[in-house]
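Down below is the structure, laid out as structure tokens.
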Amino acid sequence: MSSEPTGAHAEHGEHEGMTKKKIIQIFGVLLGITVIEFIIALWLVPKGHIPLHWANPIYIVLTLLKAFYIVAYFMHLKFEKIGLALAIIVPILFIIGLILVLTNESHYWVDLRPKL
């Protein structure tokens, strides 16, 4: 018999940084970001403390921050090799850039239409 671990515990060495304490800590960060989003959406914007054109970029940044924490820790991308991480992240950045370019281009074509 070999001395290498088999079964469910074979990959434990790669993810030993994810302890119960770390999971609860990341959950707390995600909960805090969500609470901030709710405060902005339900209290600051309706009462006029923050204009909507400021709130939208704040939502986008907070959502990207939450997405980073979810992908990095709960989908274990932080613990993967750099090649796999780049193989996932680089195409996503190109897709986001494509969406931004296409959105800008669509506004250009709408502005060219004659006004009725």
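Some observations on this one:
- With both labels modelled 7 Å from their Cα along Cα-to-Cβ, the residue 39 to residue 20 distance reads 3.0 nm.
- R0 of 30 Å, Cβ-Cβ distance residue 94-residue 66: FRET efficiency to nearest 0.05: 0.90
- More than 13 angstrom apart: percent of Cα pairs within the range 47-116: 77 percent
- Area projected by the alpha carbon convex hull of the range 20-79, averaged over all directions, nm²: 4.2 nm²
Every read-out reported here was derived from the displayed coordinates using simple, explicitly stated rules and does not represent laboratory data. Only a predicted model underlies this, so the values are computations on that prediction, with no experimental measurement involved. Note that each Cβ is placed from the backbone with ideal geometry, even for glycine, and that neighbours are counted across all protein chains shown.
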